[in-house]
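For reference, the structure is listed below as structure tokens.
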Amino acid sequence: MPQYQAPMADYQFLLRDWLGLDKHYQHLGLSDFDFELANEIIAQGAKFAEDVIAPLNRPGDEQGCTLKDGKVTTPDGFASAYQEYINNGWNSMLGSAEYEGQELPYSMAVPVHEMLHSANLSWRLTSMLTESAVLAVTKHASQALKDQYLAKLISGEWTGTMNLTEPHAGTDLALLNTKAEPQEDGSYTITGNKIFITGGDHEWTSNIIHMVLARLPDAPAGVKGISLFLVPKFMLDDNGEPAQANAVSVGSIEHKMGIKGSPTCVMNYDGATGYLVGEPHQGLTCMFTMMNDARFQVGLEGLGAAEASFQGALSYARERVQSRAPQGVQNPDGKADPIVFQPDVARMLLTQKTLTEGCRALAVMYAKYMDIERLGQDEDKASAEKVLQFLTPVCKAFMTDMGLESTSLGVQVFGGHGYIREWGMEQLMRDVRIAQLYEGTNGIQALDLIGRKLTRDKGGMMEATYLEFKKLVDAMHSDNHRQEAGALLDDWRATSADCLGLDAADVASAACDYLAYTAYSLIGVLWYSQADTATQCDNQVIASAKQKSRNFYMQRILPRRDSHKVAMQAGADSVLSIAGSEFDYL
């Protein structure tokens, strides 16, 4: 299995040269932060991902998790790696300083998170959801709950989970029926079953804090009647330490296609004690604080898998000698040439590279606006919130679609060897497949983008996003870059505006194509911007690579947007006619 190496050179270019990290931090008043500090933190994160987490990836897949006597055990080395992770402060990067967090900017943390996803997706998932739980408790919980639970969630001494899905109800949370009964002491008893719970049980920590959606006795029907509860695995004693076991148990471990080192559990709540987070019947609003963070993190899962697959495919293509290159002999001392010189292999590698680096630029831009949303002034903050809302479904869905495409190409570059487990390429493809389903399937993300973020908002979030991308266009040094990128961006804006008049059926049928069209368009602008910035940087290797990659993207990848544009404008009739009687003969 190829050894993972963190993409430090690309991140250094993106953060120092393209994003202008020093200027970004100065604008936010972060006088103690600069690129030099960010680079050191990210380099240390890269070392941890490469040396500690990545070597556990394939063994963890082979060993998997076990459930015995009601307790889950994760693969060898996972728990000790987690202890090293929290001891070195990685879990507390984004947490509030009031509860001993570091409050680092997202633009420092996001690169480390991508690297962890590349190195070992199964291992990363538990700490990822703990960060999401921290956000929900920070924003919505009472002061008493914060004081009891937040510091240990931020440090990672305890982990957190997200409990939404029930056996009979997936995306449609209106069907949720887990019950919460109020008690005289202000707590609630939680009764019900949840499935697909990542990190539902493990031996990493002394307590696990479950964030559970349930219904109060007087709850209105549908999603408006859902409340959020904090349910600890162990109740706390007077010193705030885990003591008596709560009525929470693991029914089983899910048997999965991939991420076998991650404990995905069926959770049973049999009158477990829980505490209300936020207001009654406002649980979905509270949970969306977790879900929106998790959706971006899931996008990073796709990005991480794509990077790992590209590295493996490139390494193999350089070493594998087979056939002569059609453009001429490249290895005169051998009987054949490395397959990297075969045009179709180069096409696959460049597809992986340009999609991965384009999505990484999008992730860095997203992190920038998360910094602004948290630390910016009123006007900047309001604009950043709109941009983040619009880009969240794009990041989640497109990056995970891209992750599966890239890992599939990685298998293809290896040929038959890619299908063999020892090489590690098929594991990346199996592992990343879940990311298209997590936190709302990609079809749901597409409906959210075109239905809520575009049409219901009457184009406001889209326009805010357009204006921020327009700043990138206006800052370009090359007149040609500025003109071509501007035309691309304006076409996306006009096409998006045309969607505002569509009826509900046409919106739904256009959703997935609109999301893909949007992603290819905006990433195209990002490639123009990267290539333009690269002409001004001192690293000529980066400069040349970015410009050549931009050319490949424009010639070989960007034309995909045109087919999506045609499809999204075709209307719902062809879809709706097949959805009914056309299936009758089957």
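The values are calculated or read from the model by the stated rules, or taken from the named source; none is laboratory data. These figures come from a predicted structure and were not determined experimentally. Here the Cβ is made from the backbone with ideal geometry for all residues, glycine too, and neighbour counts use every protein chain on show.
Worth pointing out:
- Conditions (1) in contact with a helix residue (DSSP H, G or I) (Cβ under 8 Å, 6 or more places away or on another chain); (2) closer than 30 Å to Gln547 by Cβ; number of the one not met by Leu28: (2)
- In the condition set (1) charged (D, E, K, R); (2) closer than 24 Å to Asp401 by Cα; (3) touching a Ser or Thr at 6+ places or on another chain (Cβ under 8 Å), Asp532 is compliant with all but (2).
- Residue match in segment 291-304 (condition: out of contact with any Cys (no Cβ under 8 Å at 6 or more places or on another chain) and basic (Lys, Arg)): no
- Residues satisfying the stated conditions in segment 257-281, i.e. within 18 Å of Val231 (Cα to Cα), assigned to a loop (DSSP other than H, G, I, E, B) and in contact (Cβ under 8 Å) with a residue 60 or more places away in the chain: Gly278, Pro280, His281
- Among the residues making up segment 460-481, those that are more than 28 Å from the chain's Cα centre (by Cα) and in contact (Cβ under 8 Å) with a residue 24 or more places away in the chain are Ala475, Met476, His477, Ser478, His481.
- Residue in segment 387-410 that is free of Cβ contacts under 8 Å to residues at least 12 places away in the same chain and farther than 24 Å from Gln12 by Cα present: no
- Filter result for Ile444 (crowded, with 22+ Cβ neighbours inside 10 Å and either of a type in the set (Val, Ile, Thr) or outside the structural domain of Ala169 (by TED's automatic domain parsing) (or both)): no
- Subset of segment 329-377 [assigned to a loop (DSSP other than H, G, I, E, B) and either touching an Asp or Glu at 6+ places or on another chain (Cβ under 9 Å) or in contact (Cβ under 8 Å) with a residue 60 or more places away in the chain (or both)]: Val329, Gln330, Asn331, Gly376
- When Asp185 is tested against (1) charged (D, E, K, R); (2) farther than 26 Å from Thr66 by Cβ; (3) assigned to a strand (DSSP E or B), just one condition goes unmet, and that condition is (3).
- Extreme residue, nearest to the chain's Cα centre (by Cα), among residues of segment 123-177 that are buried (at least 22 other Cβ atoms within 10 Å of the Cβ) and in a loop (DSSP other than H, G, I, E, B): Leu164
- A residue that is assigned by TED's automatic domain parsing to the domain that holds Trp492, part of a helix (DSSP H, G or I), free of Cβ contacts under 8 Å to residues at least 40 places away in the same chain and surrounded by fewer than 23 Cβ atoms within 10 Å (Cβ to Cβ) cannot be found anywhere in segment 419-437.
- Among (1) surrounded by 15 or more Cβ atoms within 10 Å (Cβ to Cβ); (2) over 30 Å from Ser383 (Cα atoms); (3) among the basic types (Lys, Arg), the one test that Arg360 misses: (2)
- Flag for Ser227 being of a type in the set (S, T, N, Q) and touching a residue at least 60 places away in the same chain (Cβ under 8 Å): no
- Residue count, segment 525-536 (criterion: touching a residue at least 60 places away in the same chain (Cβ under 8 Å) and either aliphatic (A, V, I, L, M) or under 13 Å from Arg560 (Cβ atoms) (or both)): 2
- Residue check, Ile444 touching a residue at least 60 places away in the same chain (Cβ under 8 Å) and touching a Ser or Thr at 6+ places or on another chain (Cβ under 6 Å): yes
- Scan of segment 537-555 for residues that are in contact with a Ser or Thr (Cβ under 7 Å, 6 or more places away or on another chain) and touching a residue at least 40 places away in the same chain (Cβ under 8 Å), ordered by number: Ser549, Phe552, Tyr553
- Qualifying residues in segment 32-88 (those that are in a helix (DSSP H, G or I) and in contact with a Lys or Arg (Cβ under 6 Å, 6 or more places away or on another chain)) - the one surrounded by the most Cβ atoms within 10 Å (Cβ to Cβ): Asp61
- For the criterion of being of a type in the set (Lys, Arg), surrounded by fewer than 18 Cβ atoms within 10 Å (Cβ to Cβ), modelled with pLDDT of 95 or more and out of contact with any Phe, Trp or Tyr (no Cβ under 8 Å at 6 or more places or on another chain), Lys233 fails.
- Boolean, Ala272 is surrounded by 18 or more Cβ atoms within 10 Å (Cβ to Cβ), in contact with a strand residue (DSSP E or B) (Cβ under 8 Å, 6 or more places away or on another chain), modelled with pLDDT of 95 or more and not basic (Lys, Arg): yes
- Filtered residues of segment 190-205 (kept if over 27 Å from the mean Cα position of the chain (by Cα) and surrounded by fewer than 23 Cβ atoms within 10 Å (Cβ to Cβ)): Thr191, Gly192
- Residue in segment 69-91 that is farthest from Val250 (Cα to Cα), counting only those that are polar (S, T, N, Q) and touching a Leu at 6+ places or on another chain (Cβ under 9 Å): Asn91
- Selection over segment 98-119 of residues that are more than 16 Å from Ile41 (Cβ to Cβ) and either surrounded by fewer than 22 Cβ atoms within 10 Å (Cβ to Cβ) or not hydroxyl-bearing (Ser, Thr, Tyr) (or both) gives a count of 5.
- In segment 513-557, residue farthest from Ala446 (Cα to Cα) [restricted to those that are touching a Phe, Trp or Tyr at 6+ places or on another chain (Cβ under 9 Å) and of a type in the set (Val, Ile, Thr)]: Ile542
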